[in-house]
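Chemist: First the structure, then my questions, so here it is.
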Amino acid sequence: MITKGDTHTHNIAIDGPAGAGKSTIAKKIAARLEFIYVDTGAMYRAMALYFLKKQIEPSDQAKIEAACKEVEITIAYKDGEQIVILNGENVNGFLRTEEVGNMASATSVYPFVRLKLVELQQELAKKENVVMDGRDIGTCVLPNADLKIFLTASTQERAERRWKELKAKGIEADLNEIEKDIKERDHRDTTRTFAPLKQAEDAIYLDSSDLTIDEVVDKIMEYYNKIKNKKVGKA
Ligand code: DC
């Protein structure tokens with residue numbers, strides 16, 4: 001909520017690897033603070049969905065660059081949920097598959113893919129108070145965020161969480177395969193040249209391996225309240 005007298009928006013950046021719980025946590029923090037939750041991964045996924053529909057290989061840089069020019073992504077909010085609109089169509093229902101996630105990881109290495117989305121993300125944060133999650137929010141998208149969190153968990157824990165999530169949806173999956181996939185994704189996201197996943201110097205490192213969702217949310221709220229109180233001159 002913007003308080004009287006505020007001249008700028010408030011931003012919280014949450015970065016971290018796949019499966020660390022960023023979106024669950026970010027959504028809860030946004031609800032508590034009445035901020036807008038911005039899921040940047042969903043934007044990379046929407047781009048990836050377009051490339052998959054066009055049957056473009058992730059290694060085909062020229063075709064990906066050309067396809068980028070045909071893509072228009074906008075964001076809307078319905079009942080507090082972020083809706084990604086790809087060329088006029090709500091694509092939310094198609095974004096959360098492993099195929100789309102892997103394509104997003106592979107194609108988010110290209111600067112021309114990133115620049116387009118970073119601009120959209122920065123515009124959103126200028127207009128609204130946001131909790132934004134992704135890989136490069138604290139380092140590139142919102143370098144002046146009020147609070148930056150680097151949220152992680154062990155690969156084993158992240159794989160188990162993903163496995164349970166799939167199981168709950170009735171999808172049988174191999175835990176070792178999931179862990180292998182997560183390691184590959186981590187490797188790609190952290191070693192790409194342009195805006196790799198890394199902890200911003202001023203970000204707080206938070207390992208959620210042994211914490212419940214509520215414990216993580218409470219910790220982040222504590223950090224945020226401390227910062228807010230400091231800014232208004234309280235102890
Ligand atoms: O958070 P996610 O799993 O929905 O993200 C999918 C991929 O998109 C991720 O593997 C890397 C890319 N991504 C990115 O490069 N930068 C972001 N800010 C968010 C996601």
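Chemist: Restricting attention to segment 208-235, which residues are open to solvent by 70 Å² or more (accessible area, probe 1.4 Å) and touching a helix residue (DSSP H, G or I) at 6+ places or on another chain (Cβ under 9 Å)?
Modeler: 210, 213, 214, 234, 235
Chemist: Turning to a different aspect of this structure: Tell me which of these residue 104 doesn't satisfy, since it passes every other one: (1) farther than 22 Å from residue 190 by Cα; (2) within 13 Å of the ligand (Cβ to nearest atom).
Modeler: So the condition that residue 104 fails would be (1).
Chemist: Do any residues in segment 40-61 that are more than 30 Å from residue 14 (Cα to Cα) and of a type outside the set (Asp, Glu) have Cβ atoms under 6 Å from those of residues that are open to solvent by 50 Å² or more (accessible area, probe 1.4 Å) and more than 10 Å from the ligand (Cβ to nearest atom), where the two are at least six apart or on different chains, and which pairs are they?
Modeler: Listed pairs, sorted by first residue: 56/63.
Chemist: Please pick out the residue among 189, 174 that is open to solvent by less than 30 Å² (accessible area, probe 1.4 Å) and more than 17 Å from residue 27 (Cα to Cα).
Modeler: Sole residue among the options that is open to solvent by less than 30 Å² (accessible area, probe 1.4 Å) and more than 17 Å from residue 27 (Cα to Cα): 189.
Chemist: Looking only at segment 110-128, count every residue that is open to solvent by 10 Å² or more (accessible area, probe 1.4 Å) and in contact with an Asp or Glu (Cβ under 9 Å, 6 or more places away or on another chain) and tell me the total. Before you say what the answer is, go through the steps one by one.
Modeler: Kept after step one, since they are open to solvent by 10 Å² or more (accessible area, probe 1.4 Å), are these residues of segment 110-128: 110-112, 115-116, 118-120, 122-124, 126-128.
Retained after the next criterion (residues that are in contact with an Asp or Glu (Cβ under 9 Å, 6 or more places away or on another chain)): 110, 112, 118.
Number satisfying all stated conditions: 3.
Chemist: Is segment 198-208 home to any residue that is closer than 19 Å to residue 45 by Cα and of a type in the set (D, E, K, R)? Outline the logic, then answer.
Modeler: First, pick out the residues of segment 198-208 that are closer than 19 Å to residue 45 by Cα: none.
No, segment 198-208 has no match at all.
Chemist: Could you please find all residues in segment 192-207 being of a type in the set (Ser, Thr, Tyr) and modelled with pLDDT under 95? Can you show your working first?
Modeler: At the first step, the residues of segment 192-207 found to be of a type in the set (Ser, Thr, Tyr) are 193, 205.
Answer for segment 192-207, where residues must be of a type in the set (Ser, Thr, Tyr) and modelled with pLDDT under 95: just 193.
Chemist: Looking only at segment 98-115, how many residues end up being part of a helix (DSSP H, G or I) and touching a residue at least 60 places away in the same chain (Cβ under 8 Å)?
Modeler: If we filter segment 98-115 for residues that are part of a helix (DSSP H, G or I), which is where we start, we get 98-107, 111-115.
Add one more test, that the residue is touching a residue at least 60 places away in the same chain (Cβ under 8 Å), and what stays is 98, 101-102, 104-107, 111, 113-114.
So the count comes out to 10.
The values are calculated or read from the model by the stated rules, or taken from the named source; none is laboratory data. It should be emphasised that the depicted structure is a prediction, and the values quoted were computed from it without experimental measurement. Note: ideal-geometry Cβ built from the backbone for every residue, glycine included; neighbour counts use all protein chains shown. Keep in mind that these areas ignore ligands, DNA and RNA; they rest on the heavy atoms of the full protein, side chains included. Shrake-Rupley method; radii C 1.70, N 1.55, O 1.52, S 1.80 Å.
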